[in-house]
Structures are given as structure tokens and as C-alpha cells.
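Rule-based calculations on the coordinates, nothing more; no lab input. Keep in mind that what you see is a predicted model, and the values were worked out from it rather than measured. Positions of Cβ are generated from backbone atoms using ideal geometry, with glycine treated the same way; all protein chains shown enter the neighbour counts.
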Amino acid sequence: MERDLTENFRLVREGVQSVCNNFGDDYWLARDTDGVFPHEFHGAMAEAGWLGITMPEEYGGSGLGVGEAAVMMNTVAACGAMTAASSVHINMFGPHPILVFGTEEQKQKHIPPLVRGEEKVSFGVTEPNVGLDTTNITTFAEKVDGGYIVNGRKIWNSTAQQATRILLLARTQKREENKDPTKGITIFYTEFDRKKIEVQLIHKMGRKAVDSNMIFFDNLFIPDEDLIGEEGMGFRYILHAMNPERILVGAEGVGIGQDALRRASKYALEREVFGRPIGMNQGIQHPLAENWMELEAAWLMCVKAAELFDAEQPCGAEANASKFLGAKAGYNAAVQAVMTHGGMGYAKEYHVERLMREVMITRIAPVSEQLISSFIAERVLGLPKSY
Ligand SMILES: Cc1cc2nc3c(=O)[nH]c(=O)nc-3n(C[C@H](O)[C@H](O)[C@H](O)COP(=O)(O)OP(=O)(O)OC[C@H]3O[C@@H](n4cnc5c(N)ncnc54)[C@H](O)[C@@H]3O)c2cc1C
């Protein structure tokens, strides 16, 4: 996006862009091929201080808002799609439960190493038999002397091959033992102990370099000091981080779409068929113009949601709408970019097929379009809960 609404946004975009400029198409295509985590990019972002953008200054961060983080992730996604975005994304919202509900000691211990890029964290919510219905998770943390013993399994854990820590949601009370299904779920931030956690890679459509996994806990011991907040309140804590995450995923979808649209417009101008640029045909240019309008509108929703969040106003509807609109606008632009390139859209050297594969994640995770629509129908339109 050429026009940023505030001076802060402009400065963030320029700063992040100057890091991104060192990582071109060849770098991201190589990671898409070899599947090696983009350590150099992650390290460069840490070195430039961007990993702590939303963390308070006393823990090494910059103390900026979700608005600035959205600009950052929009810029990052326009550079290296979801491979770039997911390599740093969890730093933006992952430590949120520690920050809001953790003790001072936990904040001092855990946040600075994340900001410096020394620690990497995996996020453990989804389970093989329990997708969006989070209160049905069965991974169990049993109370023992000095801590908890965890058994169970999770799926889709990003960066579990790299992680030194895990932010884990587990039951400490069986669902049937409490009338309120959201109670009895607890959040831990603990060492990723590979002797007790088996990690199996999932081969997937895109974002090959940021691994996704199944993980199995076999009597993992978590000390009491790694419990975040109050036992049994983890579901509520995790909700706290959901709105910023949705805004950022929306901003990432928009970023990928903007990159795809830039490539499509360039190709439409350069490629000549029947003696004139293909972009002279309305059948080529009108869908691209529509992509631009969708991306602009989605970005404005992201900014609105971020402003509400940063002003501590309710923003559930806007945050969900950001994620829905950003992902869809990004996806539409990526598909159109492939179509605009004709046969070359299918060739890796033009990069748009990679963008199309990667942007798909933003439509699926961390919450699906159906569940967002149900949320808007129920909470905004006052319709009956449908599930
Ligand atoms: C690349 C990738 C990375 C991920 N990273 C992580 C991670 O780091 N940590 C983590 O914990 N999880 C992660 N996830 C998991 C992700 O959050 C889930 O895949 C997502 O929440 C959807 O859950 P599910 O796949 O189990 O779908 P399901 O819950 O099985 O749903 C399947 C489909 O049915 C639809 N559906 C279900 N119920 C209803 C209903 N009542 N009405 C209408 N439609 C319905 C859903 O919308 C969806 O389209 C990741 C996923 C991917 C693909």
C-alpha cells in the first residue's frame, strides 16, 4: 500500500522494507524448494529489533501497537509470503498470555529471549480429533508434586522442529467434570523437551520452510513455575490473543495479494499477444482492478480493527472481518495473478503459483471462514447460534 495513515505506520513500513530488501525472490524460492527454515531472515528481523514490536520496552520490545504490527506483517508477507510471515508471526501475539496474565518473573525470563530471536516458540492448541471446537481438547496435564505430567497429542504445530519452547493449552480438569466447558483448560509456557515430545513433520501444500507437525506428549513434566496465570482459566487467556492474531493474518493475506497484483500488473503490461500488451484487454485489466479494490477495503478493515484494539475497545467483529476479508482478497489476487500469467503462471520462476499456495493458509487458519461467518451472524446480527 503506498499510503500509510500515520507517520508511525510509514516509519515501520520503511524500516521493515529495508530488511526485506535483502531477501529477494531467489531466497524465498530456494526455501520453498529445500524446506530449510529462513534462519537468515528471522535473524535479520531480530537484529533490526522487529521481533519485539508489540512487546513493552522494559522487556526489550518497542511497545508499539497492533496497528504497527499489522503494517510490519503486511510488509513481510508482501516480501516472502507466508514463509516469511510465519517465521516471525508468533512473536507478535504468542507471548501475549504471558504478558497479560504471567508473573513479573515469567515476563522477565521469557519475553526478552523471544525479542532477541534466541528462543523460538511453537503454539499447541489444535488436536487431531478436535479442530475448531477447542473446549473439547483432551491433552491432559495431571497435577503432581511440583508440577504437571502431560500426555496427549496436538496437530499442525508450526515450527515444532525449531522450537525451544511451547505455549501449550491442556486440560487440567476433564470436560465432563465442569458445567462450563471453557473452564478446566490451562495454559503453560514451557521448555520443548524433545525427550518427552515426539515431533512428526506434516508434508503440505505451501510454506514448506516453516514446518507443520503432529506432536505427541509422553509424560512431559511441566514445573509449576511454567503455569501461566490461574489453573483452569487458559481458554479465556487464549481468547485475549485471538483478536490481534486475526488482524495480523488479515494483514498478511493483503500483503500477499498486493505482491501478486504487482506481479500480475507488470506482466500484463509487458506480455504482448496479438501485437499488443495483454493488459490492454478489459478481460485482463478489470479483474486486476477489482483485486485492488478488494485489497484496499480489506486493509482498511485491518487498520480499523487494530485501532480499536489499540484503543482497548471491543473489536471482535472487526478483527474477524479483517481475517476473512484479507485472506479472501489475497487469495483472489493470487489466483488472478496466476491466470494473468497464462502458462507462465504455472511456472515457479514467476512466483505467483507459490503465492497462491501460500495464501491459502490465511483462509484456513487460525479460524475458518465458516466459523467467522457464524460469529458475525450471531454477535453482530443477533441471529441464533448455529453450532
Ligand atoms: C499451515 C497451518 C498451520 C497451523 N498452525 C497451527 C499452530 O501453530 N498451532 C495450532 O494449534 N494449530 C495450527 N493450525 C491449525 C488450524 O488452526 C486449524 O487447522 C484450523 O483452526 C481449522 O481446524 P481443523 O483443521 O481441525 O478443522 P475442523 O474443525 O475439522 O473443521 C473442518 C471444516 O469444517 C468446518 N466446520 C466445522 N464446524 C462447523 C460448523 N459448525 N459450521 C460450519 N462449518 C463448520 C470448518 O469451518 C472447516 O472448514 C495450523 C493449520 C495450518 C493449515
Please tell me the relative contact order of the range 52-184 in percent, rounded to the nearest whole number, where contacts are Cα pairs under 8 Å and at least six residues apart.
20
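With +1 assigned to the C-beta of every Lys and Arg and -1 to the C-beta of every Asp and Glu, and no other charges, what is the dipole magnitude of the chain about the Cα centre in debye, to the nearest 20?
1060
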What net charge do the residues around residue 230 carry, taking every other residue with its C-beta under 15 Å from that of residue 230, with Lys and Arg at +1 and Asp and Glu at -1?
-1
Using alpha carbons only, how many degrees (0 to 90, rounded to 10) separate the axis of helix 25-34 from the longest principal axis of the chain?
50
Of all DSSP beta bridges in the chain, what percent run antiparallel (nearest 5)?
85
Part-to-part distance (alpha-carbon centres) for the range 302-347 and the range 59-130, which is given in Å
20
When the Kirkwood hydrodynamic radius is evaluated over all pairs of different C-alpha atoms of the range 50-108, what value in angstrom, to one decimal, is obtained?
11.9
Output needed: Cys residues of the chain lacking any neighbouring Cys C-beta below 4.7 Å, sorted by number.
302, 315
How would 301, 205 line up from fewest to most surrounding beta-carbon atoms within 10 angstrom?
205, 301
Tell me, 139, 126 in order of fewest to most beta-carbon neighbours within 10 Å?
126, 139
Suppose only helical runs count, i.e. DSSP H with n ≥ 4. What mean residue ellipticity at 222 nm does that imply for the chain under -39500 (n - 2.57) per run, divided by all residues and rounded to the nearest 500 deg cm²/dmol?
-16500 deg cm²/dmol
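Expressed in whole Å with the largest first, what are the equivalent ellipsoid semi-axes of the range 66-224 derived from the C-alpha gyration tensor as the square root of 5 times each eigenvalue?
Working: eigenvalues 138, 70, 51 Å².
Semi-axes, largest first: 26, 19, 16 Å.
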At 10 °C and 1.306 mPa s, the Stokes-Einstein diffusion coefficient in µm²/s for the range 250-387, with hydrodynamic radius from the Kirkwood sum on alpha carbon pairs, is 100
Cα-based Rg/(2.2 N^0.38 Å) for the chain, rounded to two decimals, is 1.00
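Return the subset of 266/304; 204/348; 154/195; 107/143; 208/348 for which the Cα-Cα distance in this structure is over 19 Å, preserving the input order. Could the numbers behind the result be given before it?
Details: 266/304 30 Å; 204/348 17 Å; 154/195 16 Å; 107/143 23 Å; 208/348 14 Å.
The answer is 266/304; 107/143.
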What is the order of 245, 307, 105, 58, fewest Cβ neighbours within 10 Å to most?
105, 58, 307, 245
Rounded to the nearest 20 debye, dipole of the range 220-308 from Cβ charges on Lys, Arg, Asp, Glu:
820
Which one, 199, 235, 101, projects farthest toward the positive side of the charge dipole computed for the chain from Cβ point charges (K/R +1, D/E -1)?
199
Angle between the chain longest axis and helix 104-115 axis [Cα atoms, degrees, rounded to 10]
30
Hey, if you put +1 on the Cβ of every Lys and Arg and -1 on every Asp and Glu Cβ in the range 236-380, which of 351, 317, 364 ends up farthest toward the positive end of that dipole?
351
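Could you work out Rg/(2.2 N^0.38 Å) for the range 7-115, with Rg from alpha carbons only? Spell out each step's value before the answer.
Working: Rg = 14.1 Å, N = 109, 2.2 N^0.38 = 13.1 Å.
Here the answer is 1.08, to two decimals.
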Helix 234-270 vs. the chain, principal-axis angle (Cα, 0 to 90°, nearest 10):
20
